[in-house]
Amino acid sequence: MAELLSDDEIRNRLPDGWEREGDEIVRTFEFDDYLEGVAFASEVGELAEEEFHHPTMEIGYKEVEIRFTSHEEGGITDADVEMAELTNDLR
């Protein structure tokens, strides 16, 4: 099992555009149209399968909200920060 990151570690390592909300890190990505957001969510889904670390995603009209947490550990771990960084790289 991965270890939870401390509040300081989370604050210092949070990737650009991401915010902490409780035991999750969250970012909303904006798009020009709905299908662009759907395509992005599909890319994130493929990445999540490769890394075996799955986010919660909410697809809106011109935005996709991504949330990472490590459920088994009950909070934010290295895996969440790494997935956020990889997700940023998709944009």
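Every number here is computed from the coordinates shown, using simple stated rules; none is lab data. These figures come from a predicted structure and were not determined experimentally.
If I fit a long axis through the Cα atoms of helix 34-51 and take the longest principal axis of the Cα atoms of the chain, what angle between them do I get, 0 to 90°, rounded to 10?
40
Amide H neighbours of residue 14 under 5 Å, counting only residues 5+ apart in sequence or on other chains, H built in-plane at 1.01 Å?
Long-range HN contacts for residue 14: none found.
Compute the separation of the alpha-carbon centres of the stretch 1-28 and the stretch 45-91 and state it in Å as a whole number.
11
Taking only C-alpha pairs under 8 Å that are 6+ residues apart, what is the relative contact order of the chain in percent?
38
Quick one: helix 78-89 against the long Cα principal axis of the chain, what's the angle to the nearest 10°, folded into 0 to 90?
The angle comes out at about 30 degrees.
Can you tell me what the convex hull of the Cα atoms of the chain projects to on average, as an area in nm²? Spell out each step's value before the answer.
Working: hull surface 21.5 nm².
Projected over every direction and averaged, the Cα hull of the chain covers 5.4 nm².
Given the rule -39500 (n - 2.57) for each run of at least 4 DSSP H residues, summed and divided by the residues of the chain, what is its mean residue ellipticity at 222 nm, to the nearest 500 deg cm²/dmol?
Value at 222 nm, helices only, nearest 500: -12500 deg cm²/dmol.
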